[in-house]
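These notes are about the structure you will find just below.
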Amino acid sequence: MSIRLRLTLLYTAILALTLIAFSVILYLTLAQTTLGVVKDTLADEAKRLLSERSVDFVRRGLVITVPSSNRAIQNTFVQTRRLDGNIEFRSPNSVEADIELPLQAQVRTRVLEAGYAYDFATIRNTRFLVYSKPITYSERVVGVLQVARSLEDQDRALDVVRRTLLAGSSIAAILAFGIGWVLAGTALRPINRITQTAHAIGAERDFGRRVSHAGPQDEVGRLATTINTMLAALQGAYRQEAQALQAQRRFVADASHELRTPLTTIRGNIALLQRDPPISSADRTAVLADMVDESERMSRLVHDLLSLARADAGRQLRRETVPIKPLIEDVCRKAKTLGPDRTIICAEVHNVAILGDPDALKQVLLILLDNALKFTPAPGEITLSTTARNGRVRISVRDTGIGIASDTLQHIFERFYRGDSSRTGGGAGLGLAIAKALVDALDGTVSVASQLGMGSEFMVELPQAPLVGADTAEADAIAVNM
Ligand code: ADP
């Protein structure tokens, strides 16, 4: 059953119950009031008759009569009975209409005990209210006076009231149903509209569309706002997913391209070696050297791809206190071996520790140093330094090399991105992407500042860790021992 129908039925049921309760109370009150009026009239009449009957009684012995017919109220039927039940007197209108008021035994007992009794009697299909009262003489009950009135008029009036209330209530309930149905429909229309829009959005996957609601910020307004907020979040997530998918496709395409190039060269070289007649021994040596270069390049590439895939897969990096001074000194030593014709300075390295993975940090520093060496011609200068501030340690690798153009700068952390290929020295463009993935996994950041022709500075920021139980001197000792 729809909410609309349920709401309408609820309104109608509430109204119908209210009307029924109201009608019943009104009807009963009216019935009681009209009956009360008749009761009072009969009691007054009986009282008047009894006060006037004594003269006749004395004159006629035990015969009890009312004084005269014309003094009785019209429509009131009067009758007297002896104690043995025999009718003694009937007013002329009773005789004329042949109306004999009954007095049942239990009513008679009630009259004698209580001093009066009201009773209903149906005579010739007409309801009468009969009031009976004892007649006393010398403090002795000698008979019963009965006065009665027809309730026909009251009953007819009450019947009209009953029919009117019934018809009125029924019409009101039907009207309430109709109006309730229209009102519930109007109130629920915005919800229907929202449902239809949401359904269309789901079917067309058009998360850029929004649910429109021009009304106030009531329950429906809040529902529309909530759905729109949810759609915005969904749109963002959807876009992100699409971007990630696109990046992944690009990555796969780039990776296959990079792997195909050395393979093609190697295949070409093999074909050269298989030639008949064979190539000269000098060519053979050159071809073999080329093949060694290409296979080394391929294995470097595969190694890089593996590192990147591991970083992407969220490989669990260790989180431990890593004193960075010994680590940087170690990297510096390696750099000096690799670039003996460049000046490597590791002077401003402080005795601090980071929270992270020593192997990952070492790999990041080696990538940065490798690049610095690659892009800094002799007799350039490469400086490693550290600073610690606000719970973060910054490691900087600065070179005086060729620098990076500003339009290139924003892309250098992208996968397979290489600067001007004539100067890049054969890298696949994965080094900085790997460094960034590792630093991200360590809750750090990596950034760059560079100017073409002036050199570059790469900065890695990582969370600082306290050097447990070691003052500067001890830490220096540790550094030397390592
Ligand atoms: P690759 O492994 O090929 O060196 P990277 O991701 O490490 O790739 O670097 C991407 C590009 O960033 C390089 O091709 C180069 O153009 C630029 N680059 C990186 N480091 C430096 C640097 N120290 N000086 C100048 N250019 C740099």
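Coordinate-derived values only; no laboratory data. Being a predicted model, the structure only gives us computed values, none of them experimental. Here Cβ is always computed from backbone atoms with ideal geometry, including for glycine, and neighbour counts include all displayed protein chains.
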Across region 165-173, in residue order, what do the Karplus-derived ³J(HN,Hα) couplings come to in whole Hz, using 6.51 cos²θ - 1.76 cosθ + 1.60 with θ = phi - 60° and x for Gly and Pro?
-> 4, 5, 5, x, 5, 5, 4, 4, 5
Multiply the residue gap between S170 and T261 by 0.36 nm, knock off their C-alpha separation, and tell me the result in nm, one decimal place.
-> 23.7 nm
Amide H neighbours of G143 under 5 Å, at least 5 residues apart or on other chains, H built in the peptide plane: list them.
-> I135
FRET efficiency (R222, L26; Cβ distance; R0 30 Å; to 0.05) is 0.10
When the Cα centres of region 397-467 and region 150-205 are compared, how far apart do they sit, in Å?
-> 74 Å
For region 3-158: relative contact order, % (alpha-carbon pairs under 8 angstrom, 6 or more apart) = 22 percent
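Please tell me which of these pairs span more than 20 angstrom C-alpha to C-alpha: K47/K133; K325/K374; K325/K362?
Table pairs above 20 Å Cα-Cα are K325/K374.
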Find which of H257, H303, P216 sits farthest along the positive direction of the dipole of region 190-336, computed with +1 on the beta-carbon of Lys and Arg, -1 on that of Asp and Glu, about the Cα centre.
-> P216
One checks the Cα atoms of the chain and finds Rg and Dmax, in Å, of 56.7, 176
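How big, on average over all directions, is the shadow cast by the Cα convex hull of region 106-180, in nm²?
7.7 nm²
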Each label point is 7 Å from the Cα along the Cα-to-Cβ direction; what then is the distance between the points at R210 and L17, in nm?
-> 4.4 nm
Per DSSP, loop GluC sites (Glu not before Pro) in region 101-200 with at most 15 further Cβ within 10 Å | E139
Listed residue (T8, L151, Q316) projecting farthest to the positive dipole end of the chain, Cβ model = L151
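Give the calculated FRET efficiency between I3 and A405 to the nearest 0.05, with a Förster radius of 51 Å applied to their Cβ-Cβ distance.
After rounding to 0.05, the efficiency reads 0.20.
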Taking only DSSP H segments of four or more residues, each worth -39500 (n - 2.57), what value at 222 nm results for the chain once the sum is divided by all its residues, to the nearest 500 deg cm²/dmol?
-> -19500 deg cm²/dmol
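Report the charge-dipole magnitude of region 219-312 in Debye, nearest 20, computed about the Cα centre from +1 at each Lys and Arg Cβ and -1 at each Asp and Glu Cβ.
240 debye
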Label-point separation (nm) for A114 and L83, each offset 7 Å from Cα along Cα-to-Cβ?
-> 2.2 nm
Can you give the extra length, in nm with one decimal, that the chain gains between H350 and D98 once fully stretched, where that is 0.36 nm per residue apart less the Cα-Cα distance?
-> 77.5 nm
Taking a crude spin-label model, label points 7 Å out from Cα along the C-beta direction, the T33 to T136 distance in nm is 3.6 nm
